[in-house]
1. Return Phe250, Phe268 ranked ascending by Cβ neighbour count within 10 Å, so the fewest neighbours appear first.
2. Please give, to one decimal in nm, the separation of the simple spin-label points placed at Ala258 and Asn147, each 7 Å out from Cα toward the Cβ.
3. Net charge around Leu351, counting only other residues with Cβ within less than 11 Å of its Cβ (Lys, Arg = +1; Asp, Glu = -1)?
4. Which far-off residues, 5 or more places away or on another chain, put their amide H under 5 Å from the one on Glu332, with H placed in the peptide plane?
5. Viscosity 1.306 mPa s, temperature 10 °C: give me the Stokes-Einstein translational D for region 145-200 in µm²/s, with Rh taken as the Kirkwood radius over C-alpha pairs.
6. Mind listing the phi-derived Karplus ³J(HN,Hα) values for region 43-51, rounded to whole Hz, using 6.51, -1.76 and 1.60 with θ = phi - 60°, and x for any glycine or proline?
7. Could you point to the residue in Val344, Ala292, Ser334 farthest towards the positive end of region 277-364's charge dipole, with +1 and -1 charges on the Cβ of Lys/Arg and Asp/Glu respectively?
8. Quick one: what are the phi-derived ³J(HN,Hα) couplings along region 280-294, Karplus 6.51/-1.76/1.60 with θ = phi - 60°, whole Hz, x for glycine and proline?
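What follows is calculated from the coordinates using simple rules that are stated; it is not laboratory data. Every value quoted in this text rests on a predicted model; they were computed, and no experiment measured them. Neighbour counts run over all protein chains shown; Cβ positions are idealised from the backbone, glycine included.
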Amino acid sequence: MPAETPFDFSVLPDAAASAFRDQSETMRKMLKGVDEMRNLRRSDLEIGTSPKELVYQDGHLRVFRYAPVLPPERLLAPLLIVYSLVNRYDMIDLQPDRSIARRLLELGADLYVIDWGYPTATDRWKTIEDHVDAIGDCVDVVRKRHNVEALDVLGICQGGFFTLCYAATHPERVRNLITMIVPVDFDRDQTLMAKLSRATDVDRMVDTLGNVPGRLIAQQFLMRSPFQQHIQKYADLVDLFDDHEGLLTFLRMEKWIADSPDHPGETFRRWIKDCYQENRLVKGTFTLDGRAVDLGCIMMPILNLYGERDDIVEPASSAALRSYVGSRDFTERSFPVGHIGMYVSGKTQKLLPATIAEWLEARA
C-alpha cells in the first residue's frame, strides 16, 4: 500500500491549523496511552517495596524492620516511625526515587515502622488510649530487640499526635522525638479540613456508621481542591503518556490515595471533638484514662518538621509545639512543600532525610 500523505496544515487558516495540530497531538498521546496502560503489569504499580521483615504482630497491627543498608557498626540508634491511621504508611516508600525510608536507610538509619492495618467492625470501640498503648507495646518490642532503655521515635501527622501523647506520659521511653506535619494547636488550623471537622456532628456520624469509612475521609481530603483533584489532574494525564516514569508515579499515587482504611469510630469521635472542636491538648484538658496529657513533660530533644504550603495541617498549628513542650533542645525545620510533598517532593528527598539523620547523629 502506498504511504499515507501527511496532512498539509498550510491550507488551513493559522488558528484552525493550530487547533488541528493540538487535536492531532492529543489524539497521538491518547493512542500511546492506550498502549502504555495495556502493557502495564500489576508489579509495575507496587509501592512500599523496600525490603523489610515482620518483627511483631498483634491482630492486624504489625511492626516491620527495614533491611539496613549500612553495616552494623555504621548504623544509627533504632528509629520507630508512627504513621497516621488515615491512609497507609507506605507513602514513606512510594518508589525508589521518592522514598523517605530509602534515603534514611542510605544515611544509616535502623528503621522500624508501625502498620496499623485495616480495622474491622469490632475495632469501632478502639479508643485513642488503645492506640497510644499500642505505640508503647511497639516501642517495647524494639527496645528489647536492641537492649536499650529509650527509643528514637518519628511521629507523622495524626500518628505524631498519638506519639506526643505517648512521649508526655512515658518520657523515660523516648530518647529523641521527631514530629512531622503534626497538628498541635488546632485553633490555629484554618484549613478546609479543620473547618469541616469543626462543623461535623461527629456523634451522629459515629453512632450511625460505627467505623468511619475510609472512602468518606478520602473524599473530604479531595474536596480541598475539587476541580484539580477530580478533573484537572486527569486531563493533565494525557501529557504523562509521553513520560513512562511520570505515568507510573501518578498511578502509584492514585493507588495510595484509594487505599484508605476505615477509621475506628470511637477514636475518630474523640479526635474530632477533643482536638478540632475543643483544642484540648494545648489547653491541658486532654486526658488518657483520666490522666491529663501535659506537653510540658516532654523534656527530650525534639525535631519538629512541617510544610510551608500544607493545606491539611496548617503550618502554624505544627509550629505551635515549641510553645508547649518542656524541652530546651528544640529544633524546627520547614520545607517549601505541601502535606504530601513532605513525602514525595523532589525538593525534600535529600533535604528532609538528611536533616533527620544529621540531627539524630548529633545526639547519638
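1. With the fewest neighbours first, Phe250, Phe268 line up as Phe250, Phe268.
2. Calculated label separation equals 4.8 nm.
3. +3
4. Here Asn304 satisfy the definition.
5. Working: Rh = 12.7 Å.
Estimated via Stokes-Einstein, D reaches 125 µm²/s.
6. 5, 5, 9, 5, 10, x, 8, 4, x
7. With unit charges placed on the Cβ atoms, the residue in question is Ser334.
8. Working through the residues one at a time gives 6, 4, 7, 7, x, 10, 7, 10, 10, 6, x, 9, 5, 8, 9 Hz.
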